[in-house]
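Right, one structure below, let's go through it.
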Amino acid sequence: MKNEEKNEIIQLFEHQFQEKVETFSMLPPSGSYREYCRLGNSNRSVLGAFNADVKENTAFLSFSNHFRLKGLPVPEVFAVSSDLKKYLLEDFGNVTLFDYLSEVRESEGFSENVVAEYRKVLKVLPKIQIVAGKDVDYSVCYPREAFDKQSMMWDLNYFKYYFLKLAKVSFDEQALEDDFLTFSNYLLSAPSGYFLYRDFQSRNVMLKDGGVYFIDYQGGRRGALQYDLASLLYDGKADIPQDVRVHLYNYYINELKGYIRVNEPEFASYFNGFVLIRIMQAMGAYGFRGFYEKKEHFLKSIPYAINNLQNLLPELNFPVALPELVNVLNQLTHSETLKEIGQVSSNLTVRITSFSYKKGIPSDPSGNGGGFVFDCRALNNPGRYPEYKTLTGRDLKVQQFIEQNSEMKLFLKPVKTLVEQSVKKYLERGFSHLSVGFGCTGGQHRSVYAAEKLAAHLRNNFPVHVVLVHREQQF
């Protein structure tokens, strides 16, 4: 975000609330070209957004106001700039459904706690689709008013050009185009007078104070009910077990029956079709971001998509023939290369440890003896404030304090550069271990936060195995 946009967002805040901005921090970039920041003071924290695409902003702002009027849990829009490129939003914190799933899964697996959160989401979904979708202003939809034939062909060709061709999968192009037309015509025969969220997945659901909240619906349009359900249940890296998918599917159907009559066999047939087009659309995105833009963390989603295809193909029972499409999909599920893309392809383990200097610098159990130790004690310490004493750097309140009241971002920038340099050389030379330590006074707040951030960065950008240890917290 340029200084000009940053200053305009700050001015928007100060004009709206008649209060000075005391803290400002950029949020990590996502898969979109929108930029977000968190700004506020002791009274409030809000999100600022910048997006040069005015049509997309118009859709988001219109949908947000409509959904709020319908009582849906979406962010309140506090202020919008005159050029419609900047706006202020309600801050739901940092924990997405995907973040929660990832954390809980490490200790509990895909437990009932996770399933309960998904049920909360699926309880609201029919209200978004049917109640709110009934009289939403579809004229603001961008880029299309409906998930129509052109939209489907865009997705299918996105898959063809940015995944199949870049992955060097062989196919008969004319036969595949014919199947795309047949397939899209079949999907268009599904009832479609509902609001289609378009990107209904675990990273677009926020968790806060026991509730679920929805974001990033600016691509919404008119469409079939099955598409959003498919997006959520076959969300690539969420990797929902098949038995849990069946349970959640049935839960949704029961909720849906509270709004409309449901022909279950017909719904199921269309559902599998929309699962398939959603997987192909996602694979097109993985190919564009991964193969074309060389962003490795998108490649890590490919094996999950391949696994979803393997589960889905035996269930396909369309009333139309799609021989070349089925041939291509079978090729993908039998490709060992694609199954291994984005997976750890080296023997390098990076051990990241947070610790208290009072108890000494941690030893390196690998015996390698190489690595780094970074001192976080020059940064503002949350532990000095009573409200943070019992919390750690993994807690949202502490994370917000560190991001808004310390120079942690500036501190971590050269840390990442130094560690990346060693990781690249270690990978080239076939080394097996690298250790990184972050120390602070108690090993509870600053060092834990820094260790978590570096671990996430390395996991998303390098083919290494990361071991994360918070020594003083015993996890």
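A few points about this structure:
- Among the strands (runs of 3 or more DSSP E) confined to the stretch 362-475, the ones with at least 1 residues that are at pLDDT 90 or above and among the charged types (D, E, K, R) are located at 371-375.
- Filter result for Ala116 (touching a residue at least 12 places away in the same chain (Cβ under 8 Å) and open to solvent by less than 70 Å² (accessible area, probe 1.4 Å)): no
- With respect to the conditions (1) hydrophobic (A, V, I, L, M, F, W, C); (2) in contact with a His (Cβ under 8 Å, 6 or more places away or on another chain); (3) open to solvent by 30 Å² or more (accessible area, probe 1.4 Å), Leu348 falls short on a single one, namely (3).
- Just one of the listed residues (Leu156, Leu181, Leu176, Leu122) is in a helix (DSSP H, G or I) and within 19 Å of Ile260 (Cβ to Cβ), namely Leu122.
- Residue list for the stretch 138-172, filter: open to solvent by 70 Å² or more (accessible area, probe 1.4 Å) and among the basic types (Lys, Arg): Lys165, Lys168
- Residues of the stretch 258-268 that turn out to be touching a helix residue (DSSP H, G or I) at 6+ places or on another chain (Cβ under 9 Å), in a loop (DSSP other than H, G, I, E, B) and of a type outside the set (Gly, Ala, Ser), as a count: 3
- Just one of the listed residues (Leu412, Leu418, Leu379, Leu396) is open to solvent by 50 Å² or more (accessible area, probe 1.4 Å), out of contact with any Pro (no Cβ under 9 Å at 6 or more places or on another chain) and within 30 Å of Ser42 (Cα to Cα), namely Leu396.
- Within the stretch 95-113, the set of residues being open to solvent by 40 Å² or more (accessible area, probe 1.4 Å) and not acidic (Asp, Glu) comprises Val95, Tyr100, Ser102, Arg105, Ser107, Asn113.
- Scanning the stretch 125-137 for residues that are of a type outside the set (A, V, I, L, M), open to solvent by less than 10 Å² (accessible area, probe 1.4 Å) and either free of Cβ contacts under 8 Å to residues at least 60 places away in the same chain or not in a loop (DSSP other than H, G, I, E, B) (or both) yields a count of 2.
- With respect to being surrounded by fewer than 18 Cβ atoms within 10 Å (Cβ to Cβ), aromatic (Phe, Trp, Tyr) and either in contact (Cβ under 8 Å) with a residue 40 or more places away in the chain or in the same structural domain as Val131 (by the TED database) (or both), Tyr217 falls outside the description.
- Beta carbons closer than 6 Å, at least 6 apart along the sequence or on distinct chains, pair a first residue in the stretch 359-378 that is more than 21 Å from Met408 (Cβ to Cβ) and acidic (Asp, Glu) with a second that is open to solvent by less than 70 Å² (accessible area, probe 1.4 Å) and part of a strand (DSSP E or B) for Asp364/Ser435.
- Scanning the stretch 294-324 for residues that are free of Cβ contacts under 8 Å to residues at least 40 places away in the same chain and either more than 27 Å from the chain's Cα centre (by Cα) or open to solvent by 60 Å² or more (accessible area, probe 1.4 Å) (or both) turns up Lys294, Lys295, Gln310, Pro314.
The values are calculated or read from the model by the stated rules, or taken from the named source; none is laboratory data. What you see is a predicted model; the values in this text were computed from it and never measured. Note that each Cβ is placed from the backbone with ideal geometry, even for glycine, and that neighbours are counted across all protein chains shown. Ligands, DNA and RNA are excluded from the accessible area calculation, which covers all protein heavy atoms including side chains. Shrake-Rupley method; radii C 1.70, N 1.55, O 1.52, S 1.80 Å.
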